[in-house]
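J.: Questions regarding the structure given below will be posed in turn.
The values are calculated or read from the model by the stated rules, or taken from the named source; none is laboratory data. Predicted, not measured: the structure shown is a model, and the values here were computed from it. Neighbour counts are summed over all protein chains in view; Cβ atoms, including those assigned to glycine, are modelled from backbone coordinates with ideal geometry.
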Amino acid sequence: MIAKIMYLSSLLTILGLLRPVSGDYYSVLADVSYTCQNRVSGCIANSAEVKALVDNQSYCDALKYSSLSFNSTTCLVTNGGCLDSEYTIMYREACSTQGAIGVVTVTLQCQKMAEKCLAKSPAALELFLKKQYCAALLYNTSPYDSKACLLGNGGCTESEYINVKDSVCSATSVMAGMTTLFFCILVYMLN
């Protein structure tokens with residue numbers, strides 16, 4: 001599933017419909033001490049899961065990562081290296097950076113959630129491929145619900161969802177049609 005998400009994300013980036021987020025690894029670390037930067041490198045090296053998240057540019061998920069065997073916050077702050085304030089700085093940079101899907105600006109969390117939702121519903125994906133973007137966005141057949149997927153687990157906000165829905169479901173002109181094409185990427189990712 002991760003491979004499918006990465007493939008689709010890469011494809012959408014190539015098509016120019018999914019624009020990369022403005023934050024990157026170096027901007028996340030730009031405002032923390034050298035000691036903290038070294039600790040980040042050490043923590044990444046200590047967890048294959050965190051390394052995979054960083055390699056996939058999922059910096060927010062990497063900072064929040066927690067399992068039975070590894071916790072990013074513990075590794076970075078509790079075990080020394082980064083101050084609480086430095087963790088907060090990195091978290092803000094990684095988790096509130098904005099990206100764009102088509103012409104809609106959404107938070108990084110929304111963009112990542114859209115990518116995760118992308119692979120969950122073959123039926124909604126089929127609607128998207130048939131250019132039925134609004135139907136794909138509104139798709140709700142048990143157990144899958146596009147809106148619930150997007151809004152779940154701190155992904156997209158209600159207002160982000162409404163903005164995309166308004167754009168996708170109200171295409172009444174050529175320009176709106178172009179906008180719809182861009183917004184359909186979010187719809188596609190919602191499924």
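J.: Mind listing whichever residues of region 140-154 are touching a Phe, Trp or Tyr at 6+ places or on another chain (Cβ under 9 Å) and not aliphatic (A, V, I, L, M)?
T.: Taking region 140-154 as the starting set, the residues that turn out to be touching a Phe, Trp or Tyr at 6+ places or on another chain (Cβ under 9 Å) are 145-147, 150-151.
Correct list: 145, 146, 147.
J.: Follow-up. Within the set of pairs 6 or more residues apart or between chains, which connect a residue that is on the phi > 0 side of the Ramachandran plot inside region 89-113 to a residue that is of a type outside the set (Val, Ile, Thr) and modelled with pLDDT under 75 with Cβ atoms less than 7 Å apart?
T.: What qualifies is 102/17; 102/182; 102/183; 102/186.
J.: In addition: Residue pairs, Cβ under 8 Å, 6 or more apart or interchain, first in region 55-66 and more than 13 Å from residue 90 (Cα to Cα), second at pLDDT 85 or above. List them.
T.: Between residues of region 55-66 that are more than 13 Å from residue 90 (Cα to Cα) and residues that are at pLDDT 85 or above, the close pairs are 65/47; 65/49; 65/50; 65/53; 65/71; 65/72; 66/72; 66/73.
J.: Out of all the residues in region 91-104, is one or more modelled with pLDDT of 85 or more and among the β-branched types (Val, Ile, Thr)?
T.: no
J.: Here are some residues: 57, 37. Which one is within 17 Å of the chain's Cα centre (by Cα), at pLDDT 70 or above and not aromatic (Phe, Trp, Tyr)? Even if it seems obvious, please write down each step before you answer.
T.: Details: 37 fails: within 17 Å of the chain's Cα centre (by Cα).
Only one candidate qualifies: 57.
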